[in-house]
1. Which FRET efficiency, nearest 0.05, do Glu296 and Ile373 yield, Cβ-Cβ r, R0 22 Å?
2. Please compute the Kirkwood hydrodynamic radius over the range 176-268, one decimal place, Å, based on all pairs of different Cα atoms.
3. Taking each pair of different alpha-carbon atoms in the range 275-340 once, compute 1/r for the pair, average those values, and report the inverse of that mean as the Kirkwood hydrodynamic radius in Å to one decimal.
4. Per residue, how much accessible surface does the range 215-374 expose to a 1.4 Å probe? Answer in Å², no decimals.
5. For the range 156-227, what % of the accessible area comes from carbon and sulfur atoms, probe 1.4 Å?
6. For the range 136-147, just list the computed ³J(HN,Hα) in residue order, Karplus coefficients 6.51, -1.76 and 1.60, θ = phi - 60°, integers in Hz, with x standing in for Gly and Pro.
7. Just to be sure I follow: if Rg is taken over the C-alpha atoms of the range 247-312 and Rh is the Kirkwood radius over the same atoms, what is Rg/Rh?
8. Between the DSSP loop rule and a limit of at most 16 other Cβ atoms within 10 Å, which GluC sites (Glu not before Pro) in the range 103-160 are left?
Amino acid sequence: MRRQVATLAIVGLLAAGCGGDDDLFGGIPDLGDEPADDPADEPDAPDDASDEPAATQPEGADAPDEPDAPDAPDAPDEPDPGDAGPGDADAIDPADFPTIEERSIDVAVQYGVIEWEIQEMVVVDLDADLQPGEQPQGVEITFPARVFNAGGGTASVNNTPVALQWDDAAGDTFTVSVQPDFRDVPADSFTSGELRVHLTHDDRTVFVDDTAYLLVGRPGVTPAVAPIGADVEPVTRLLVQQDTDGWTLDIEGEDTGRQSMIDTVTVTDAHVRWSDPDGRPLEDGNSLLQITYTIENRGEAQTCSARGQGGWRLTLPDGDAVNDVGVTERCAAAGDTVTDVFTRFVIPTEDFAGDYQLWHSRRSGATEPSDEIEITLVDGEGYRLSERD
């Protein structure tokens with residue numbers, strides 16, 4: 001009997017292994033030798049929990065395409081140290097800068113009572129060793145110079161306006177200020193110093209060497225021009241000596257007391273300059289004639305020039321006339337000779353060369369005899385007050 005039961009049990013197990021309904025396992029009690037289920041374990045989900053086929057993840061090749069991410073912009077190229085963009089200092093090559101050469105100047109000009117002797121031009125190129133990435137600095141120019149004070153008192157020349165100027169092909173004028181550096185100069189003396197100017201890089205790129213010059217003095221007030229470039233003519237404002245041979249006036253008459261008036265007035269020196277009697281520069285369009293003369297009174301009466309202006313008159317080449325601006329000595333006693341008297345005339349033109357009429361009268365009481373001569377003024381090379389005896 002026991003053998004039959006065992007046989008049936010084996011047959012049942014074989015049948016289950018060959019595939020039957022899963023419910024068949026529900027009627028089989030747990031074998032005593034198997035451990036009891038842990039109540040904490042979740043039961044396995046039945047294999048046939050759903051008739052729907054289980055969803056499968058598509059293979060990578062079959063998966064729908066993900067939308068492409070936008071392309072990132074290309075990173076800018078790293079600049080090459082040797083390259084530079086427009087306007088970058090790296091693009092500036094010192095070899096392309098216009099060259100400004102040092103040179104000897106050796107010119108003397110006068111402004112007012114001050115004579116300027118400009119000796120040379122020294123150039124320091126601040127960009128000679130310019131490195132990539134550095135900003136150009138330009139050029140420092142120095143003009144070693146001496147000044148002579150022809151005035152009667154100590155003068156300070158550092159306040160005199162001085163400029164470096166040049167003209168371009170279009171006729172435009174460029175101006176850069178110049179700084180004088182001098183000690184105060186005593187009367188009738190020299191002092192040394194220098195004129196300094198800084199040309200920026202922008203100034204340098206438009207600098208025209210051939211038309212460059214130093215303008216000494218205030219524009220509009222007869223400044224002097226010291227040439228730097230080959231195309232510039234000097235305007236020195238140095239005094240222009242005149243030949244006074246034959247400049248003699250004979251003034252004769254009788255005063256109210258019937259005393260004889262016999263004066264011989266001889267001009268011993270004459271020059272043209274561009275400053276007024278006090279040494280101040282004249283406005284553009286004017287020059288000044290100064291005459292020095294001797295009065296020889298060979299008569300019986302004392303004679304005098306007019307008080308103030310009007311004792312002398314100068315008639316210009318165009319027929320207009322100007323009075324003198326006053327004499328330094330008015331009278332000469334009978335039998336006396338008075339020397340080194342002078343007076344001046346402001347001529348309303350800088351182009352003063354030409355023929356003039358020079359008139360002078362002397363008075364004694366109510367009598368005013370006069371004489372007039374023709375003189376000729378010439379324009380020529382000026383002379384330096386510092387070298388005059």
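The values are calculated or read from the model by the stated rules, or taken from the named source; none is laboratory data. Given the structure is predicted, the values throughout are model-derived calculations rather than measurements. Quick reminder, even Gly has a Cβ in these numbers, built from the backbone with ideal geometry, and neighbours come from all protein chains shown. Only protein heavy atoms, including side chains, enter the accessible area calculation; ligands, DNA and RNA are left aside. Shrake-Rupley method; radii C 1.70, N 1.55, O 1.52, S 1.80 Å.
1. Working: r = 16 Å, r/R0 = 0.73.
Working from the Cβ atoms, E equals 0.85.
2. One decimal place: 18.7 Å for the Kirkwood radius.
3. Values: mean 1/r = 0.0722 Å⁻¹.
After inverting the pairwise mean of 1/r, the radius is 13.9 Å.
4. Accessible area per residue, the range 215-374: 44 Å².
5. On the way: 1470 of 3260 Å².
C and S atoms contribute 45 percent here.
6. Karplus-based 3J(HN,Hα) across the range 136-147 equals x, 10, x, 9, 9, 10, 10, 10, x, 8, 10, 10 Hz.
7. Ratio of gyration radius to Kirkwood radius for the range 247-312: 1.12.
8. Passing sites in the range 103-160 are Glu134.
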